Each structure stands twice: as structure tokens, then as C-alpha cells.
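Beneath this line is the structure, given in C-alpha cells, with notes to follow.
The values are calculated or read from the model by the stated rules, or taken from the named source; none is laboratory data. These numbers come from a predicted model, not from an experiment. Don't worry about glycine lacking a Cβ; one is built from the backbone with ideal geometry, like all the others, and counts go over all protein chains shown.
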Amino acid sequence: MDLKAIFENNENWIKEKLSIDKDYFNRLAEGQSPDILYIGCSDSRVTAEELMGVQPGEVFVHRNIANMVPNTDLNVQSVLNYAVRYLKVSHVVICGHYYCGGVKAALQQEDLGVLNPWLRNIRDVYRLHQKELDAIADTEERYKRLVELNVQEQCVNIIKTAAVQKAKKERDFFVHGWVFDVKTGKLIDLNINFTEILESIMKIYRID
């Protein structure tokens, strides 16, 4: 890719924005008040704002390999705490995508160096749902189901945090699990039943 073209594209983008609204960038500089925290995958095919059709300032975004929320990762936990405690978002979205390279790598039984501890989180998701996944004969369908279950488990990780538990007590606050289908462009709400999933475990993770 020609990096010079990126700066030319930037100049054209500025001109386009100013032609529609001469105060566009002045308003951006005033601050942000997003209502959504979006945690998605770093995959270059999955652009958060574009697939949702939102504008700068409307969504706070964090991306990493396979849209993970490990409790040991200071980066994602810092983003989560800032969005929930200070930006006061009302919605946290975990958005995975089919044909995710991170999820596929976790299914491989090979040494991937520094990626090993990160991908082990996805392998743990497989372990938790092994009976369901092993019952799926079609390899591609099993892979896609693991993508969905990984989203589900990362949502559960979100709900386990003190910041989110406090927010749910204080205001209307929601956690959502979505999947983006790169073959169709469709954004899918998994409609996860958190009440059913958390019923037996929240007494362990509840923080008062």
C-alpha cells in the first residue's frame, strides 16, 4: 500500500467534512460522550464504525486479537473501566466475527510463541463447551460456533468486573454479544440469555 496515498486521502476527507459542516472538527475537539463501548477484533476486515454506520464520538472502541476480555490484560480492563466509570456508557458490546484468524489459530495444536497464553483463553472456551462443539460434525460450523461461544464468554467476563456490576446497580446498563459475518456484511445479535448463564455462578463473582 502506498502510504503517501493515506495522507492524500486524509486531506480529501477533511475537505469533504468541512464542505458539509465547517464546524465539524471544532465540535470533535470539544470532547466525546459515547453511549457504547465496542470491543472487537483487530482483524483488518472488521472496521467498527463503518459496519455500525456511526460517526466519530459516538462509540468508544477497543480492538484486540479475537475480541478478548481476559481479567489479566491491563489494556482491555483499563478501557472497560474508563468507559464504564468515567464516560458512563450505557452499553458494552463484544463483537466477534466469523472466519476469525485468532479463533482458528486456537484450534491448531501448534506452538505459536508469544500468542500461546493469549490463545489459551479461547482454548478454555472450547474446554467449557467441549461437549456441544465436539457434537458438531461440520468443521466450519464448529469453528463458527466457537466464535459465538467466545463472544458469550467474553461478555460473561465483562459482567464479572466490579465496574460493570456497580454500573448495573446505578443505571440502565446493558451487555451485548454480536457477531459480524464477513461473507454477508450482516451484523448479528446473538441475544444471549445472561440471566440463565449467570444464575449459578454470580454468587461466586458478585462484588458488593
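Filtering the stretch 159-198 to residues that are in a loop (DSSP other than H, G, I, E, B) and charged (D, E, K, R) leaves 171, 172, 181, 183, 186. Counting only residues that are under 15 Å from the mean Cα position of the chain (by Cα) and not acidic (Asp, Glu), the stretch 28-68 holds 24 of them.
Residues that are in contact with a helix residue (DSSP H, G or I) (Cβ under 8 Å, 6 or more places away or on another chain), more than 18 Å from residue 46 (Cα to Cα) and free of Cβ contacts under 8 Å to residues at least 60 places away in the same chain within the stretch 147-165 comprise 149, 152, 153, 156, 159, 165, listed in sequence order.
Does the stretch 67-75 contain any residue that is within 25 Å of residue 98 (Cα to Cα), surrounded by fewer than 12 Cβ atoms within 10 Å (Cβ to Cβ) and in contact (Cβ under 8 Å) with a residue 40 or more places away in the chain? Within the stretch 67-75, one or more residues are within 25 Å of residue 98 (Cα to Cα), surrounded by fewer than 12 Cβ atoms within 10 Å (Cβ to Cβ) and in contact (Cβ under 8 Å) with a residue 40 or more places away in the chain.
Against the list (1) surrounded by fewer than 21 Cβ atoms within 10 Å (Cβ to Cβ); (2) out of contact with any Asp or Glu (no Cβ under 7 Å at 6 or more places or on another chain); (3) within 28 Å of residue 51 (Cα to Cα); (4) not polar (S, T, N, Q), the condition residue 155 fails is (1). A residue that is surrounded by fewer than 18 Cβ atoms within 10 Å (Cβ to Cβ), touching a residue at least 12 places away in the same chain (Cβ under 8 Å) and charged (D, E, K, R) cannot be found anywhere in the stretch 195-203.
Report whether or not residue 88 is at pLDDT 95 or above and surrounded by fewer than 20 Cβ atoms within 10 Å (Cβ to Cβ). So residue 88 fits the description; yes.
Of the residues in the stretch 97-112, not one is surrounded by fewer than 18 Cβ atoms within 10 Å (Cβ to Cβ) and closer than 18 Å to residue 73 by Cα.
With respect to residue 51, is the statement that it is in the same structural domain as residue 116 (by TED's automatic domain parsing) and without any contact (Cβ under 8 Å) to a residue 60 or more places away in the chain true?
Taking the combined requirement at face value, the residue does not satisfy it.
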